[in-house]
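Chemist: Take a look at the following structure, please.
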Amino acid sequence: MNEQSTVRCSLERHVDAILEIFNDAIVHSTALYEYQPRTRQFMQNWFESKQSAGFPVIGIEDGDGVLLAFGSYGTFRAFPAFKYTVEHSVYVHKDHRGHGLGRAVMQELIAAARENGVHAMIGGIDATNTGSIALHEQLGFKHVGTLPQVGFKFGAWLDLAFYQLLLDTPADPIDG
């Protein structure tokens, strides 16, 4: 495998690769509870909302600059008291799974969350996604609940499991 590097993803450089990875997950898996592939316009809005909120989009590229995996986090719930909690997601290109890229992206997201004063990271994972669940548990995430049959895709009801990692940040949280 080529040398790899961690990068901050940008609309200009990574939109097509991220769109490909997202759309493969939508069409072929329950990693995203969506039915229709995303559009380039959707992705432009997605990048702009991440940027305006100060949320990272972190990727791993090979030595040729090809994006192999990426992850981000965003608002968990849009109420002020949740300001120290984020929901994250990580996706690995279908041809590069099983090589530790998801772990590497997750470790970078956790570091970014600490740096940005996040206290709780939440992962909503399809309950049958044993690989993602194992990764989260290996990184210290705890299962905090499962919502049975909240999604419906591929002709079946889907259970959504939530995993949480509590961080030692921020140093001085405040109300308001």
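The values are calculated or read from the model by the stated rules, or taken from the named source; none is laboratory data. What you are looking at is a predicted structure, and each value in this text was computed from that prediction instead of being measured. Cβ: placed from backbone, ideal geometry, glycine included. Neighbour counts: every protein chain shown.
Chemist: Give region 66-80 a look and list any residue that's farther than 18 Å from ALA25 by Cβ and touching a residue at least 12 places away in the same chain (Cβ under 8 Å), or say none.
Modeler: Hits for region 66-80 are THR75, PHE76, PRO80.
Chemist: Name the pairs whose Cβ atoms lie under 9 Å apart, with the first residue in region 1-19 and under 21 Å from GLN107 (Cβ atoms) and at pLDDT 95 or above, the second outside any helix (DSSP H, G or I) and polar (S, T, N, Q), and 6 or more positions between them or separate chains?
Modeler: CYS9/SER72
Chemist: Please state which one of PRO148, PRO173 is touching an Asp or Glu at 6+ places or on another chain (Cβ under 8 Å) and at pLDDT 95 or above.
Modeler: PRO148
Chemist: Of the residues in region 97-114, how many are crowded, with 17+ Cβ neighbours inside 10 Å, farther than 17 Å from LEU167 by Cβ and over 11 Å from the mean Cα position of the chain (by Cα)?
Modeler: 2
Chemist: When region 115-126 is examined, which residues are found to be within 17 Å of VAL57 (Cβ to Cβ) and surrounded by fewer than 20 Cβ atoms within 10 Å (Cβ to Cβ)?
Modeler: Once the filter is applied, which keeps residues that are within 17 Å of VAL57 (Cβ to Cβ) and surrounded by fewer than 20 Cβ atoms within 10 Å (Cβ to Cβ), region 115-126 yields GLU115, ASN116.
Chemist: Consider ARG97 carefully, then state whether it is basic (Lys, Arg) and either in contact with a helix residue (DSSP H, G or I) (Cβ under 6 Å, 6 or more places away or on another chain) or in contact (Cβ under 8 Å) with a residue 40 or more places away in the chain (or both).
Modeler: Criteria not met by ARG97.
Let's see how each residue does on (1) touching a strand residue (DSSP E or B) at 6+ places or on another chain (Cβ under 7 Å); (2) closer than 28 Å to THR128 by Cα:
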| site | (1), (2) |
| --- | --- |
| SER5 | yes, no |
| LEU19 | no, yes |
| PHE22 | yes, yes |
| PRO56 | yes, yes |
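Chemist: For region 22-45, how many residues are surrounded by 17 or more Cβ atoms within 10 Å (Cβ to Cβ) and either among the hydroxyl-bearing types (Ser, Thr, Tyr) or more than 17 Å from the chain's Cα centre (by Cα) (or both)?
Modeler: So the answer is 1.
Chemist: For region 78-132, what are the residues that are small (Gly, Ala, Ser) and not in a loop (DSSP other than H, G, I, E, B)?
Modeler: ALA81, SER89, GLY102, ALA104, ALA111, ALA112, ALA113, ALA120, GLY123, GLY124, GLY131, SER132
Chemist: List the number of the failed condition for LEU67; all other conditions in (1) more than 24 Å from GLU20 (Cα to Cα); (2) touching a His at 6+ places or on another chain (Cβ under 6 Å); (3) aliphatic (A, V, I, L, M) hold.
Modeler: Going through (1) more than 24 Å from GLU20 (Cα to Cα); (2) touching a His at 6+ places or on another chain (Cβ under 6 Å); (3) aliphatic (A, V, I, L, M) one by one, LEU67 breaks only (1).
Chemist: So which residues in region 67-96 are surrounded by 14 or more Cβ atoms within 10 Å (Cβ to Cβ) and either among the β-branched types (Val, Ile, Thr) or modelled with pLDDT under 95 (or both)?
Modeler: THR75, THR85, VAL86, VAL90, VAL92
Chemist: Additional query: Answer yes if at least one residue in region 46-58 is charged (D, E, K, R), buried (at least 17 other Cβ atoms within 10 Å of the Cβ) and in a strand (DSSP E or B), and no otherwise.
Modeler: Scanning region 46-58 turns up no residue that is charged (D, E, K, R), buried (at least 17 other Cβ atoms within 10 Å of the Cβ) and in a strand (DSSP E or B).
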